[in-house]
Amino acid sequence: MVILMMISFSCKRPDPPKAVITTTDTGGTRLSGITVTIYAQPNGSYVDPQNKVLKLEKKTDSNGEAAFDFNNEAIFNVKAVQTQPIREAKCMIFLKEDEVTRKTLILR
């Protein structure tokens, strides 16, 4: 019986990676309505290889967060842009199965 339990647990598929990007100003106030773009380097990579999508974009919600779901582990660039006043921030994220990657971008 123990062997059967071990086999059933070891066959569990890992959860796909997720990312939550939070945007703030320099004072730590969360910013809503900020455009967050997740993209791969321009070397033929895709953020969604099945649909050949080069970038994903979302606006932050009232908590200053934008959440993204992915199919595979990957390394991507992230950019957050505010248009009025013009401010931006950039970083990289490292996505892993069974994990939610959280990053806070401070717009300056």
Please specify each residue of the stretch 37-75 satisfying the condition of being of a type in the set (S, T, N, Q), under 14 Å from the mean Cα position of the chain (by Cα) and not in a strand (DSSP E or B). Thr60, Asn71, Asn72
Quick one: in the stretch 50-68, which of the residues that are at pLDDT below 95 and among the charged types (D, E, K, R) is surrounded by the fewest Cβ atoms within 10 Å (Cβ to Cβ)? Lys52
Under the condition of being surrounded by 12 or more Cβ atoms within 10 Å (Cβ to Cβ) and outside any strand (DSSP E or B), which residue from the stretch 22-36 is farthest from the chain's Cα centre (by Cα)? Asp25
Given the criteria under 19 Å from Ile34 (Cβ atoms) and touching a Phe, Trp or Tyr at 6+ places or on another chain (Cβ under 6 Å), does Ile75 qualify? no
Note on the stretch 76-95: residues under 12 Å from the mean Cα position of the chain (by Cα), at pLDDT 95 or above and crowded, with 17+ Cβ neighbours inside 10 Å are Val78, Lys79, Ala80, Ile93, Leu95
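The values are calculated or read from the model by the stated rules, or taken from the named source; none is laboratory data. No experiment lies behind these values; they were computed from the predicted model shown. All Cβ positions, glycine included, derive from the backbone under ideal geometry; neighbour counts span all protein chains shown.
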